[in-house]
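All remarks here apply to the structure that follows.
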Amino acid sequence: MMEEESLSLSNGADEKTKREKGFWDFIWVPLYWFKMLSDEMHWSFVFGVVVTYGINQGLGGSLSRVGTEYYMKDVQKVQPSEAQVYSGITSIPWIVKPLWGLLTDVLPVAGYRRRPYFVLAVSGFLGVISMVFLSLHRKLHIVPALMSLTAGSAGVAIADVTIDACVAQNSINHPSLAADMQSLCGLSSSIGSLLGFFISGFLVHLIGPLGVFGLLSIPFVLVLLVGMLLNENRMPNFSYGQVHQKLLDASKAMWTTLKCPEVWRPCAYMYLSLALSLNILEGMFYWYTDAKAGPSFSQEIVGSIFSVGSVGSLLGVLLYQNILKDYQFRDMLFWTQLLYGVSGMLDLMLVLRLNLKLGVPDYFFAVIDECVSQMIGRLKWMPLLVLSSKLCPPGIEGTFFALLMSIDNVGILTSSSGGGLLLHILKVTRVHFDNLWLAILIRNIMRILPLSFLFLVPRSDPTSSILPAEMLTTIESQESENIELASLVNNT
């Protein structure tokens, strides 16, 4: 009897120890992961990723999205189809990302290739001034308003392409950590978006969309710190007379790489997968806030829906990092694209009010819808980012990664323009939503079409090299002669 009691006490103590160990593992494992990345690639790189992706794009991007949607609806009073097209226009700076990337690769400023471009992202009208200008003009015409929003978008794009160059370069130098770096980017973005959406509705309610634009100048200032702190070797004797030749050499190296079937085929798939997934989010937003046809969500409710949806994005990053990051690209993209199309049926159920027939309140169903959509969207995006980093040749990482992201942004612009056209054809307006269900159904069908182009994606896994060995040798030889890039991160 005494032995049984002793054994029972021992088992209870073991279970308690395991629970305590599990709790501390939950706390310490992410910290060890951050420390590992900082040791391998310098802490300033990790800091730059967190600020650029987490604060400037995640937090600032979520505030900008909600603020801009209410700005277009309540201040400019445009139709949802027009707002959808305008959202595409403001993304144009992201389409010319190769220009920013080319500058970061071949045109150093004051001896530095990356740091000055973080500073550029917060100077002049590209950052602080554009947001302050918007916030101070209550009756601004749509044209200067779009110009200011586009200028702010350009500031974010320059910072993004510069940190992307850092990520791409470190992916080449540390191929085993390529997926970890993309997970860091996705994790930072998701957490920033979660916090931003959580407070966005309250801020719009308290200070209005114009006040939110004023607050958006703060993330740009933080990017300035990245430019000041980023660890980068200085090139004091750079010959600016060779810039023209370097631009030609970089363009030639880009074209040589892009002609490679191992490169252009995945690029074609990335464009098609985004372009065919029509974007009708503005139509859904107008329906969300409509008092007659929709559930009439308030600013706080809309912000909370997007906030909880960001949890889904965060779950997608964690799921990819811990379980799915080693799966082959083609397999991952097949299942995520298929689920992406199926998940769109939740929007259809919500608009047709089938959730009410099932006894599920609008808010609860909208939260589930947003969370599932964001999680699957992130799972679909993560392997594309890793694949893009694997396609970048040494020496022009920033330029070529920017080119790949530019192709993706052309796909997003096509998606927004196509979605706006669809809403216009179906006569979905500020007050009429009779055909919104049909727009959602067409969008869901279009999301499935990219599956027929999966043969363009390689079957390789994220740890394998995609570029042919002879191409890497040729490009490295050209770059050693013509484009002597300084090492971005000093690991010693």
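Here is how the numbers come out for the structure above:
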| read-out | value |
| --- | --- |
| Residue count for the stretch 35-77, restricted to those that are of a type outside the set (Asp, Glu) and closer than 21 Å to VAL204 by Cα | 22 |
| Breaking point among (1) touching a residue at least 40 places away in the same chain (Cβ under 8 Å); (2) surrounded by fewer than 24 Cβ atoms within 10 Å (Cβ to Cβ); (3) of a type outside the set (Gly, Ala, Ser), for LEU103 | (1) |
| Residue that is modelled with the lowest pLDDT [pool: residues in the stretch 204-218 that are under 21 Å from VAL156 (Cα atoms) and hydrophobic (A, V, I, L, M, F, W, C)] | ILE218 |
| Residue pairs meeting the criteria (Cβ under 7 Å; at least 6 apart or on separate chains; first more than 23 Å from PHE334 (Cβ to Cβ) and small (Gly, Ala, Ser), in the stretch 359-377; second part of a helix (DSSP H, G or I) and modelled with pLDDT of 90 or more) | ALA366/LEU350 |
| Boolean, THR52 is within 26 Å of HIS174 (Cβ to Cβ), crowded, with 24+ Cβ neighbours inside 10 Å and at pLDDT 75 or above | yes |
| Sole residue being over 14 Å from the mean Cα position of the chain (by Cα), at pLDDT below 80 and not hydroxyl-bearing (Ser, Thr, Tyr), chosen from GLY420, GLY395 | GLY395 |
| Some residue of the stretch 116-132 being of a type in the set (S, T, N, Q) and buried (at least 21 other Cβ atoms within 10 Å of the Cβ) | yes |
| Which listed residue, of PRO80, PRO93, PRO144, is closer than 30 Å to LEU210 by Cβ, surrounded by fewer than 22 Cβ atoms within 10 Å (Cβ to Cβ) and modelled with pLDDT of 75 or more | PRO144 |
| Selection within the stretch 117-134 - in a helix (DSSP H, G or I) and at pLDDT 65 or above | TYR117, PHE118, VAL119, LEU126, VAL128, ILE129, SER130, MET131, VAL132, PHE133, LEU134 |
| Cross-chain or 6+ apart pairs with Cβ under 8 Å, the stretch 34-47 first and of a type in the set (Val, Ile, Thr), then at pLDDT below 80 | VAL46/PHE34; VAL46/LEU37; VAL46/SER38 |
| Subset of the stretch 343-362 (residues that are under 27 Å from the mean Cα position of the chain (by Cα) and loosely packed, with under 15 Cβ neighbours inside 10 Å) | MET345 |
| Candidates LEU350, LEU356 - the one that is without any contact (Cβ under 8 Å) to a residue 40 or more places away in the chain, in a helix (DSSP H, G or I) and farther than 24 Å from SER310 by Cα | LEU356 |
| Set LEU187, LEU229: member being out of contact with any His (no Cβ under 9 Å at 6 or more places or on another chain) and either among the polar types (S, T, N, Q) or within 17 Å of GLN57 (Cα to Cα) (or both) | LEU187 |
| Considering residues of the stretch 195-214 that are surrounded by 24 or more Cβ atoms within 10 Å (Cβ to Cβ) and touching a Ser or Thr at 6+ places or on another chain (Cβ under 9 Å) only, the residue nearest to SER148 (Cα to Cα) | PHE213 |
| Test: residue in the stretch 449-460 that is among the β-branched types (Val, Ile, Thr) and free of Cβ contacts under 8 Å to residues at least 60 places away in the same chain | no |
| Close pairs from the stretch 155-170: first on the phi > 0 side of the Ramachandran plot, partner of a type in the set (Gly, Ala, Ser) and surrounded by fewer than 24 Cβ atoms within 10 Å (Cβ to Cβ), Cβ under 8 Å, at least 6 apart | none |
| Scope the stretch 442-477; condition exposed (fewer than 15 other Cβ atoms within 10 Å of the Cβ) and either part of a loop (DSSP other than H, G, I, E, B) or at pLDDT below 85 (or both); matching residues | ARG459, THR463, SER464, SER465, PRO468, ALA469, GLU470, THR473, GLU476, SER477 |
| Test for LYS292: is it over 30 Å from THR429 (Cα atoms) and more than 24 Å from the chain's Cα centre (by Cα) | no |
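This table checks each residue for (1) among the polar types (S, T, N, Q); (2) surrounded by fewer than 22 Cβ atoms within 10 Å (Cβ to Cβ); (3) over 30 Å from VAL78 (Cα atoms); (4) modelled with pLDDT under 85.
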site	(1), (2), (3), (4)
PRO261	no, yes, yes, yes
LEU281	no, yes, no, no
LYS292	no, yes, no, no
GLN328	yes, yes, yes, yes
LEU333	no, no, yes, no
GLY341	no, yes, no, no
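The values are calculated or read from the model by the stated rules, or taken from the named source; none is laboratory data. The shown structure was predicted, so the numbers you read here are calculated from the model rather than taken from an experiment. Note that we place each Cβ from the backbone using ideal geometry, even for glycine, and neighbour counts take in every protein chain shown.
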